[in-house]
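S.K.: Sending over a structure as structure tokens; questions will come in a sec.
Derivation of every value follows stated rules applied to the coordinates shown; laboratory data play no part. Note that the coordinates shown come from a computational prediction; the quantities given were computed from them, not determined experimentally. With ideal geometry, Cβ positions are generated from the backbone for all residues, glycine too; neighbour counts draw on all protein chains shown.
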Amino acid sequence: MIDYRILPVTPFAQNCTLLWCTETRRAAVVDPGGEIERIRAAADDLGLAVERILITHGHIDHAGGAALLARTLAVPIDGPQVEDAFWIDGIVVQGQKYGMDGAETFTPSRWLNDGDTVAVGKENLQVIHAPGHTPGHVVFFHPAARLALVGDVLFAGSIGRTDFPRGDHAALISAIRDKLFPLGDDIRFIPGHGPLSTFGEERAHNPYVGDRAHRSGG
């Protein structure tokens, strides 16, 4: 099985997540936007061996610390999908814009695509391409744990912004309703910011993608 600990990092309070296989204590760091010493300390405190970094999308608060952490730990970076390469290529400029020093560009060890899997210890996560917030955004899903890490696609009571370059509101709504919600109402999800929720809760109450909004054409 898997377990996790959420570590809000950067001035954006981005939910960096330590995700690990409970049998092997081997772990992935999902979206290390910054504060890598704090992330490493948390992994050490939990007795985890980090074996890879997973990136949902190329925005600086999710990927700004990936290059340094990967180099420090000598581990690969998996994700996002290749359409986010332009975001990663511009990550230093993003850092200058938002006053976040130290971000470095990188090329992932592996670009991810819809239907891929990534291993964490003896566990496997399914990769779901969920564009809209960014064109190459991916979601990581563990069926047995009924857990999804959705980055900035979906939040408790809200959805991701689509006013960034190559954002696509219609694609975002489609990804949520056609790819994520069918996984099951009981799926808990860790968003990129804010509290956890479930797909069922968002179907019932989310004003942007809930069933009521969908029926009314919202």
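S.K.: If you count, for each residue, the other Cβ atoms within 10 Å and average over each peptide, how do 111-121, 85-95 line up from highest to lowest? Don't jump to the answer; show the numbers that get you there.
M.R.: Working: 111-121: 16.4, 85-95: 17.9.
Highest-to-lowest ranking by the protection proxy: 85-95, 111-121.
S.K.: Return the single residue from THR56, THR198, THR72 with maximal mean-square fluctuation; model: Gaussian network over the chain, springs between Cα atoms under 10 Å.
M.R.: Of the options given, THR72 has the highest mean-square fluctuation.
S.K.: If you count, for each residue, the other Cβ atoms within 10 Å and average over each peptide, how do 174-185, 132-143 line up from highest to lowest? Mind showing how you got there, number by number?
M.R.: Working: 174-185: 17.0, 132-143: 25.1.
Answer by packing, highest mean first, reads 132-143, 174-185.
S.K.: For segment 101-113, in order, what is each residue's ³J(HN,Hα) by Karplus, 6.51 cos²θ - 1.76 cosθ + 1.60 with θ = phi - 60°, in whole Hz (x at glycine and Pro)?
M.R.: In residue order, the calculated couplings are 7, x, 5, 10, 6, 7, 10, x, 5, 8, 6, 9, 10 Hz.
S.K.: While we're looking at this one, here's another question. Starting with the highest mean, order 57-66, 148-157, 96-105 by the number of other Cβ atoms within 10 Å, averaged over the residues of each peptide.
M.R.: On the way: 57-66: 28.8, 148-157: 24.3, 96-105: 14.7.
Taking the mean over residues of other Cβ atoms within 10 Å, the ranking is 57-66, 148-157, 96-105.
S.K.: Using a Förster radius of 35 Å, what is the FRET efficiency between GLU23 and SER158 based on their Cβ-Cβ separation? Nearest 0.05, please.
M.R.: Numbers: r = 35 Å, r/R0 = 1.01.
Efficiency for this residue pair is about 0.50.
S.K.: Quick one: what are the phi-derived ³J(HN,Hα) couplings along segment 25-38, Karplus 6.51/-1.76/1.60 with θ = phi - 60°, whole Hz, x for glycine and proline?
M.R.: For segment 25-38, the Karplus curve yields 6, 8, 9, 10, 9, 9, 6, x, x, x, 6, 5, 5, 5 Hz.
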